[in-house]
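First comes the structure, then the notes that go with it.
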Amino acid sequence: MTDRPRVSARISAISESATLAVDAKAKAMKAEGRPVIGFGAGEPDFPTPDYIVEAAVDAARNPRFHRYTPAGGLPELKKAIAEKTLRDSGLEVDPSQVLVTNGGKQAIYEAFAAMLDPGDEVIVIAPYWTTYPESIKLAGGVPVFVVTDESTGYLADVEQLEAARTERTKVLVFVSPSNPTGAVYPREQVRAIGRWADEHGLWVLTDEIYEHLVYGDAEFSSLPVEVPEIADRTVIVNGVAKTYAMTGWRVGWIIGPKDVVKAASNLQSHATSNVANVSQAAALAAVSGDLTAVDEMRKAFDRRRRTIVGMLNEIDGVVCPEPEGAFYVYPSVKGVLGRKIRGRTPATSAELAELILEEAEVAVVPGEAFGTPGYLRLSYALGDEDLVEGVTRIQNLLAEAE
């Protein structure tokens, strides 16, 4: 009998989510009684607003929601998402262009699965969120990376994108505000990139989940709004997780051309069917309500952003640009690598992150997870006291570097 692999090559090639792995390790250490402070997971520390929770409680009591509902989403939620999109970004879409998914990750995978054939290339700007390349590969595509760094504020320009384009290129992944860097593209740069993509007949997948988390003079710009001529080849992914502190509710969505959304809906009908109805009812309350709770959270994130940037830049060998969006900082730690710290000499940011976790009991994610070694990602979506304590521990540890 032929000795065949127990796990398929396709699934064996997928890497574990590095951010979730770091968060799990930090929580396991906490469970052991160690005072670990976690900067790993991109998860707001605020509770979901009360009015959203109450909507879910009411839905749980409603027999209508005890049954299957349409696989593509509750009709009233799809309508509300279309209205919210017009309100927040200025893009007018029909509810038939909306697919409600089990979180943003399912939205991303299903979008790529609907767009890509084997061998199609997808340009991904690095540093990138860990899920993009894995979803592309799982859908049969080939990720092609365009690397940026702190010298440009982690922004890619048209010349870099053009250098990565080949005859096999089909899709550009465009993210602003960005995870992991917090970079926000200026409006003119969004337009330039959109026009370049349109000129070459490319599709764009744009992740807008951090649309409301921008600071200072930065502004969120939706690419299909800035470049309307590419709207029919643009797929938007979004969700309630970050804006409304609803990471555990698992509600995201795709907005795109009807044929792509229909194809993704067909896939979802076999993969998971409808998103949990109670979560959809909560999401309906979220996107239909005003942004008062969101504004309060953004003010707290802005305060923490300024605090963490200032403290990290006080460390010798660390360079931390000020992010303009999301709730992450992405400092370069190249100036720390190769120096001895408590008898160890970390040569990579992965080794440095491990050292920080073991010696300072602070969890951070190394740049290797995002395609750019030599950096660390820290989420500042945690309480002010924990933030200051955690970065102080890092300061004290790295001050010992020889």
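Could you please let me know if residue 296 is closer than 30 Å to residue 402 by Cβ, open to solvent by 50 Å² or more (accessible area, probe 1.4 Å) and under 22 Å from the mean Cα position of the chain (by Cα)?
So residue 296 fails the test.
Among the numbered criteria (1) out of contact with any strand residue (DSSP E or B) (no Cβ under 9 Å at 6 or more places or on another chain); (2) part of a loop (DSSP other than H, G, I, E, B), which one does residue 275 miss?
(1)
Conditions (1) at pLDDT 95 or above; (2) within 30 Å of residue 142 (Cα to Cα), marked per residue:
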{"site": "1", "(1), (2)": "no, no"}
{"site": "10", "(1), (2)": "no, yes"}
{"site": "24", "(1), (2)": "no, yes"}
{"site": "60", "(1), (2)": "yes, no"}
{"site": "87", "(1), (2)": "yes, no"}
{"site": "91", "(1), (2)": "yes, yes"}
{"site": "102", "(1), (2)": "yes, yes"}
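Output the number of residues of the stretch 277-298 satisfying the condition of being without any contact (Cβ under 8 Å) to a residue 40 or more places away in the chain and either polar (S, T, N, Q) or closer than 25 Å to residue 63 by Cβ (or both).
1
Is it fair to say residue 247 is of a type in the set (Ser, Thr, Tyr) and open to solvent by less than 10 Å² (accessible area, probe 1.4 Å)?
When the stated conditions are applied, residue 247 does not pass them.
Let me spell it out: the conditions are (1) among the basic types (Lys, Arg); (2) over 30 Å from residue 86 (Cβ atoms); (3) in a helix (DSSP H, G or I), and residue 299 meets all of them except one. Which number is the exception?
So the condition that residue 299 fails would be (2).
From 279, 288, which residue is over 25 Å from residue 370 (Cβ atoms) and open to solvent by less than 20 Å² (accessible area, probe 1.4 Å)?
Just a single option satisfies the conditions, and that option is 279.
Picking from 310, 216, which residue would you name as being part of a loop (DSSP other than H, G, I, E, B) and out of contact with any Cys (no Cβ under 7 Å at 6 or more places or on another chain)?
When all the criteria are applied, what remains is 216.
Can you tell me which residues in the stretch 3-46 are closer than 30 Å to residue 292 by Cα, open to solvent by 70 Å² or more (accessible area, probe 1.4 Å) and touching a helix residue (DSSP H, G or I) at 6+ places or on another chain (Cβ under 8 Å)?
43
Got a sec? Which helices (runs of 4 or more DSSP H) wholly within the stretch 92-201 have at least 1 residues that are of a type in the set (Phe, Trp, Tyr)?
Correct list: 103-115, 131-138, 187-199.
Do you know which residues across the stretch 54-65 are surrounded by fewer than 15 Cβ atoms within 10 Å (Cβ to Cβ) and either acidic (Asp, Glu) or in contact with a helix residue (DSSP H, G or I) (Cβ under 7 Å, 6 or more places away or on another chain) (or both)?
54, 58, 60
Mind checking which residues of the stretch 140-168 are of a type outside the set (Phe, Trp, Tyr) and open to solvent by less than 20 Å² (accessible area, probe 1.4 Å)?
Passing the criteria: 141, 146, 148, 156, 161, 164.
The values are calculated or read from the model by the stated rules, or taken from the named source; none is laboratory data. Keep in mind that this is a model prediction, so the values were computed, not measured. Quick reminder, even Gly has a Cβ in these numbers, built from the backbone with ideal geometry, and neighbours come from all protein chains shown. Note: areas computed on protein heavy atoms with side chains; ligands, DNA, RNA excluded. Shrake-Rupley method; radii C 1.70, N 1.55, O 1.52, S 1.80 Å.
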